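Before any comments, here is the structure.
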Amino acid sequence: VASKHIASLFQEVVEAYRTVTPSPDAATLERVAAADVVAFTASSTVTRFLELAGADRVPRAVAAIGPITAATARDHGLVVDIEAVEHSLDGLVAAVERWAARERAMGSLADAAPDPSEGTAGSEPPS
C-alpha cells in the first residue's frame, strides 16, 4: 500500500533493493546448523532465518549488528553472544573476530581450515 502511494507521487520509481527469500536444501541447512556463528545484519534477517532454518538450527553463537537486531533475536528466544559496537558490517566482522580470538584462546574453537586457493604456507612452487 505504501509503495503504491509513493509511486503515485513520482514520474518514475526505480526498484533498487528487494528482499528475496531463498529456498535452501537440506544439506545447506545442516551446514548452517554446524556453523560456529550466525551473524544477523537486520531484524528481518533474524525473522527470515528462523522461518527458513528453525530455532533448532541456530549455531552455537549468535552475532548482531546492533541493539535493535539483538533485541529482535532475544524476542525470538535467542541468546546474543556477540553485538557489534560499531553498527556496520565492518563493526560486525570485528566483533565476530574478537569473539573467535577469545574462543580460540580458551580452546573452544578450532583454528580455521586453510583456504586451498591460497596454497600452503612455506611450500615451494612446483618446478
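Evaluating Arg48 against the criteria (1) open to solvent by 80 Å² or more (accessible area, probe 1.4 Å); (2) closer than 20 Å to Ala35 by Cα; (3) more than 12 Å from the chain's Cα centre (by Cα) leaves one unmet condition, (3). Of all residues being of a type outside the set (A, V, I, L, M, F, W, C) and surrounded by 10 or more Cβ atoms within 10 Å (Cβ to Cβ) in the stretch 3-32, which is nearest to Leu52 (Cα to Cα)? Just the residue, please. In this case the residue turns out to be Pro24.
Listed by first and then second residue, the pairs linking a residue in the stretch 91-115 that is closer than 24 Å to Thr69 by Cβ to a residue that is surrounded by 14 or more Cβ atoms within 10 Å (Cβ to Cβ) and at pLDDT below 90, with Cβ atoms under 7 Å apart and 6 or more places separating them unless they lie on different chains, are Ala100/Leu109; Glu103/Leu109. Scanning the stretch 76-97 turns up no residue that is within 20 Å of Thr21 (Cα to Cα) and either of a type in the set (Asp, Glu) or open to solvent by less than 10 Å² (accessible area, probe 1.4 Å) (or both). Of the residues making up the stretch 53-75, just one is within 20 Å of Thr21 (Cα to Cα), of a type in the set (A, V, I, L, M) and open to solvent by 60 Å² or more (accessible area, probe 1.4 Å), namely Ala55.
The values are calculated or read from the model by the stated rules, or taken from the named source; none is laboratory data. From a predicted model like this one, the values you see are computed outputs, not experimental measurements. Heads up, the Cβs are rebuilt from the backbone with ideal geometry, glycines too, and the neighbour counts pull from every protein chain shown. Note: areas computed on protein heavy atoms with side chains; ligands, DNA, RNA excluded. Shrake-Rupley method; radii C 1.70, N 1.55, O 1.52, S 1.80 Å.
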